[in-house]
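See structure below.
The values are calculated or read from the model by the stated rules, or taken from the named source; none is laboratory data. Note that this is a predicted model, so its numbers are computed, not measured. Methodologically, a virtual Cβ is constructed for each residue, glycine included, from the backbone with ideal geometry; neighbour enumeration extends over all protein chains shown.
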Amino acid sequence: MLDIRNLQAKVGGGSDILKGINLAVKAGEVHAVMGPNGSGKSTLAQVLAGNPAYEVTGGSVTFDGTDLLGMQPEERAQAGLFMAFQYPVEIPGVSNAYFLRSAYNEIRKAHGEEEVDPLEFLDIMEKNLALVDMDPSMMNRSVNSGFSGGEKKRNEILQMAVLRPRLAILDETDSGLDIDALRIVAEGVNKLRRPDNATIVVTHYQRLLNHIVPDFVHVLSAGRIVKSGGKELALELEERGYDWLESPAEFVA
Amino acid sequence: MSSSIENLVNREYKFGFVTDIDADTIPAGLGEDTVRVISAKKQEPDWLLDWRLKAYRRWTTMKEPHWGNVRYEPIDYQGQVYYSAPRTAKPLGSMDDVDPKLREAYDKLGIPLKEQQILAGVAVDAVFDSVSVGTTYREQLAKLGIIFCSLGEAVREYPDLVRKYLGSVVPYSDNFYASLNSAVFSDGSFVYVPPGVRCPMELSTYFRINAANTGQFERTLIIADQGAYVSYLEGCTAPKRATHQLHAAVVELVALENATVKYSTVQNWYAGDEEGRGGIFNFVTKRGKCAGANSKISWTQVETGSAITWKYPSVILLGDNSVGEFYSVAVVNHHQQADTGTKMLHLGRNTRSTIVSKGISAGQGNNSYRGRVYVGPKAAGARNYTQCDSMLIGNRCGAHTFPYIEVGNDTAQVEHEASTSKIGEDQIFYLQQRGISKENAVSMIVAGFCKDVFKELPMEFALEAQQLLGITLEGSVG
């Protein structure tokens, strides 16, 4: 589904943060990308989603066989790529329901499907609200405005549930969540797992992976994947920290 | 990235066409003779000519105001034409007699003048350059005793009403542009709603400037008698011309006891080109008087056009328990400048006012909110709430806020809230990541920002305003 080859990228005028990432994700798989602060985890998520603040300086990414890097962010979303934001953005004055229905309809239009009207959408909403234990009144509030940290993250998972992406990237979705909110978010993600979709979980801590069990774990350090393994690698990281995996080449430099 | 915000504000002005029509135009220049010629053309009574002449003499002693936060080359008042009327405009037996060229012009503007085609529930007075070319639905309104006609006709047919109220809210000596307007005003709309009558449809005037080098000086007078209700809409467009054109209008609203007047404007005069050449100078005095107890006047404006906007729709809250409201969205792009806001003058007891101002600045536009809240010594229990928000799109535009608050009664409550935000690239990216295009993302963010004002607009106008905003800001996002 997703094929990342030798991906290099930077932000602003700085030097490369990603220094050659290679990663292949198949349908049905859950990959965890872990690593210390500044290792490039979030940069990888942002680059895949097409954040224009980041600049790709080398390598390639294909998504279902097409060149992902040549697509606008909205085209990537329409093709089925979804990113749950680490810091969901507030849009004052725009209701959550209107925003989400617009997104839903844009994606339908891109697939040549008919738009749904507000009443039909209400049904779709109601089915998904329970999934993240969200009160229907949240839909009438402005997008993320005045939401607590936990509400914002649940709102991200709600959007994921409604938009049903092929590939979901969770960018540090666990940060700032208490244990109950973490459980709700993780259960939501688990219920959305299907054989034809895939998930990349970007996280600093192992605790989220107790709830969302990955098929593969990759450790990022200084812009490269320095180790890959199964779910047991996450437990090892929890115990030993990241230091033992630092790329030797970086120390020499 | 900021160039995508830039691109979003740059769509063509679609009402920039010129209608080639035979017009009765007087020579450029302004003097007592000009005032007499205009008055004679309109066959006015002596009292009105005298009033105009007093205004003119007063104007000659006044100086052009320069306290606004706007900059422009000096205006040559002698280089302007003060009267231009399509020759075939008057007199009309019915709307079917409207000159086909004028009808075509209004069709292009989306304002069909044939009653059977017109928007259901909206009566229109169409003002073309200096004169009204037709008013729809007059007969149905007349059955309820509602007078809706051009001010010129009102002077002839209802002189007592006009004489009683003309200048009663904005005196001829009020300010430089109001005095100029009082001297040379050409036409405009007149509305009178009798006691206890609720006007069943929206009344609307559509102002069109067509002739070159011609100023438009219309004057609107709306009176809601005791217990009456009227909602009034005003729309405006002008051709694209390389030189600036002056628009100095006066609007007076009077609400007697228990009456309500709601006045909504969607202003889309030509704004000039990307370099700031041409466009309308919109120097307008709009004021309402809540003369009776429990009366209410509400202004809602969406200002997207004009090279320069200088206007402060205000309410004099004279009657006890009267209510004044001002809801405004002002958008500037390219080199547009807006200095706009309101005055709420609390004179009666328990008077209340609400001000919600949303300023959006893009390109090199400069947007200023200027508002005055005055609470007089007798206005016990007066309350004001002001909310003043600015949004910046790009790095070269400006937003300014000039609130003036004077409180002369210690039982009054006055609140002022202000905020400035930048339309965030992070907001745009967030919406894009959900499948929404960049242009739709900006429209959505801006519409959300303006929601508190849009919800005050009549249904017929709300959609138009939102679309207009989308067009005005097109190309402003990079």
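Which one is surrounded by the most Cβ atoms within 10 Å (Cβ to Cβ), of the residues in region B:406-438 that are within 10 Å of chain A (Cβ to nearest Cβ) and either touching a Leu at 6+ places or on another chain (Cβ under 9 Å) or among the charged types (D, E, K, R) (or both)? Among them, the one singled out is B:Gly435. Selection of region B:328-344 for residues being at pLDDT 95 or above and surrounded by fewer than 24 Cβ atoms within 10 Å (Cβ to Cβ) yields only B:Lys343. Here B:Val169 qualifies as in a loop (DSSP other than H, G, I, E, B), surrounded by 16 or more Cβ atoms within 10 Å (Cβ to Cβ) and among the aliphatic types (A, V, I, L, M). If the condition is being surrounded by fewer than 18 Cβ atoms within 10 Å (Cβ to Cβ) and within 14 Å of chain B (Cβ to nearest Cβ), then region A:120-145 contributes A:Asn140, A:Arg141, A:Ser145. Taken over region B:399-435, the criterion of being modelled with pLDDT under 95, of a type in the set (A, V, I, L, M, F, W, C) and part of a loop (DSSP other than H, G, I, E, B) is satisfied by B:Ile423 alone.
Once region A:226-253 is narrowed to residues that are assigned to a loop (DSSP other than H, G, I, E, B) and at pLDDT below 65, the residue that is surrounded by the fewest Cβ atoms within 10 Å (Cβ to Cβ) is A:Ala253. Taking (1) closer than 20 Å to A:Arg108 by Cα; (2) over 14 Å from the mean Cα position of the chain (by Cα); (3) buried (at least 19 other Cβ atoms within 10 Å of the Cβ) in turn, A:Leu177 satisfies each apart from (1). With respect to the conditions (1) among the polar types (S, T, N, Q); (2) over 25 Å from A:Tyr242 (Cβ atoms); (3) within 14 Å of chain B (Cβ to nearest Cβ), A:Thr66 falls short on a single one, namely (3).
Of all residues in region B:439-455, those being more than 9 Å from chain A (Cβ to nearest Cβ), charged (D, E, K, R) and touching a residue at least 40 places away in the same chain (Cβ under 8 Å) number 1.
Residues in region A:69-94 that are within 7 Å of another protein chain (Cβ to nearest Cβ) and either at positive phi or of a type in the set (Lys, Arg) (or both): A:Gly93 alone.
Out of the residues in region A:54-92 that are touching a residue at least 12 places away in the same chain (Cβ under 8 Å), among the small types (Gly, Ala, Ser) and surrounded by fewer than 20 Cβ atoms within 10 Å (Cβ to Cβ), which is nearest to B:Ile428 (Cα to Cα)? The qualifying residue nearest to B:Ile428 (Cα to Cα) is A:Ala79. Of all the numbered requirements in (1) within 23 Å of A:Lys191 (Cβ to Cβ); (2) at pLDDT 90 or above, A:Glu114 misses one, and that requirement is (1).
Quick check on region A:95-116: of everything there that is assigned to a loop (DSSP other than H, G, I, E, B) and touching a Lys or Arg at 6+ places or on another chain (Cβ under 9 Å), which residue is farthest from the other protein chains (Cβ to nearest Cβ)? Looking at residues that are assigned to a loop (DSSP other than H, G, I, E, B) and touching a Lys or Arg at 6+ places or on another chain (Cβ under 9 Å), I get A:Glu114.
In the set (1) modelled with pLDDT of 95 or more; (2) of a type in the set (S, T, N, Q); (3) part of a loop (DSSP other than H, G, I, E, B), A:Gln86 fails one condition alone, (1). Within region A:148-182, the residues that satisfy the criterion of being among the charged types (D, E, K, R) and assigned to a helix (DSSP H, G or I) are A:Glu151, A:Lys152, A:Lys153, A:Arg154, A:Glu156, A:Asp180. Condition check: of a type in the set (S, T, N, Q), under 26 Å from A:Pro88 (Cα atoms) and more than 14 Å from chain A (Cβ to nearest Cβ). Does B:Asn395 satisfy that? Yes: the conditions hold for B:Asn395. Of all residues in region A:7-15, none satisfies being at pLDDT below 95, more than 19 Å from the chain's Cα centre (by Cα), buried (at least 20 other Cβ atoms within 10 Å of the Cβ) and within 14 Å of another protein chain (Cβ to nearest Cβ). A count restricted to region A:27-53 and to residues that are surrounded by 15 or more Cβ atoms within 10 Å (Cβ to Cβ), touching an Asp or Glu at 6+ places or on another chain (Cβ under 7 Å), of a type in the set (A, V, I, L, M, F, W, C) and not in a strand (DSSP E or B) stands at 1.
Applying the set (1) at pLDDT 95 or above; (2) facing another protein chain (nearest Cβ under 8 Å); (3) under 27 Å from A:Arg141 (Cα atoms) to A:Gln46 leaves exactly one unmet item: (2). For region A:151-162, the criterion of a residue being without any contact (Cβ under 8 Å) to a residue 24 or more places away in the chain and surrounded by 13 or more Cβ atoms within 10 Å (Cβ to Cβ) is satisfied by at least one position.
Check whether at least one residue in region A:183-193 is at pLDDT 85 or above, assigned to a helix (DSSP H, G or I), polar (S, T, N, Q) and farther than 19 Å from A:Asn210 by Cα, and report yes or no. No, every residue in region A:183-193 fails to be at pLDDT 85 or above, assigned to a helix (DSSP H, G or I), polar (S, T, N, Q) and farther than 19 Å from A:Asn210 by Cα.
For region B:250-265, a residue qualifies if it is surrounded by 24 or more Cβ atoms within 10 Å (Cβ to Cβ) and within 17 Å of B:Thr340 (Cα to Cα), and the qualifying residues are B:Val250, B:Val251, B:Ser264, B:Thr265.
Return yes or no: is B:Asp389 within 21 Å of B:Thr342 (Cα to Cα) and within 10 Å of chain A (Cβ to nearest Cβ)? Even if it seems obvious, please write down each step before you answer.
Details: within 21 Å of B:Thr342 (Cα to Cα): yes; within 10 Å of chain A (Cβ to nearest Cβ): yes.
The answer is yes for B:Asp389.
Within region B:233-262, the set of residues being within 11 Å of the chain's Cα centre (by Cα) and modelled with pLDDT under 95 comprises B:Leu233, B:Glu234, B:Gly235, B:Cys236, B:His247, B:Ala248, B:Ala249.
If you check B:His400 against the conditions, is it surrounded by 13 or more Cβ atoms within 10 Å (Cβ to Cβ) and touching a Cys at 6+ places or on another chain (Cβ under 9 Å)?
On the way: surrounded by 13 or more Cβ atoms within 10 Å (Cβ to Cβ): yes; touching a Cys at 6+ places or on another chain (Cβ under 9 Å): no.
So B:His400 does not fit the description; no.
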